[in-house]
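Nothing in this text is a laboratory measurement; each read-out follows from the coordinates by a stated rule. Just so we're clear, the structure is a prediction, and the values are computed from it rather than from any experiment.
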Amino acid sequence: MLLASAAALPLLLGTAGCRASDVFTGPDPLAGRPPLGHDVLTLQAVIAAEEGMIDLYRAAISGDSGKHRAARARTLRALLAQHEQHLARLKARLIVPPGMSASPSPSPSPDGSGSAFFSAGPVSLAQLRAAERTSAANLVRRLATAPPALAQLLASIAASDATHVTALGG
């Protein structure tokens, strides 16, 4: 009986013989690791941009020497805290498959070119407003290609960035 069922197997499979490649349909273990998915790459880029915004705010706070320094510093610290919360939420969503490392974060840039948000030196409120506007616009552009849960997070952060422009006097 066992011999009869073994003989019927090729007929069930629709082939006269059965190769190992016919049975195994998963990824080829010898082909190397597959590339990171689009949503992982999107998260990495948005994380890098948030890190850039945090650096920008820290530079603005440390370089602030205006006569309304205390009030402005409170506002900037509150906005910085929101960006730090955004970063934590983004990093919590970043899942890289075991054995794969996240690629190094590209330099944050408002236009995606890889250039830094600002040059070394004092950071003005105008620079912060421009960076917030650019960040919100870049996040909105990413919405169309992001999966729904990620799109919702990006939209939330973009809305926050847009309100930061107003808080910064713009």
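With viscosity set to 0.890 mPa s and temperature to 25 °C, compute the Stokes-Einstein D of region 34-77, Rh being the Kirkwood radius across alpha carbon pairs; µm²/s, no decimals.
In µm²/s, the coefficient rounds to 198.
Relative to the present Cα-Cα distance, how much length would full extension add between Lys91 and Ser124 at 0.36 nm per residue of separation?
Contour length minus the Cα-Cα distance gives 9.1 nm.
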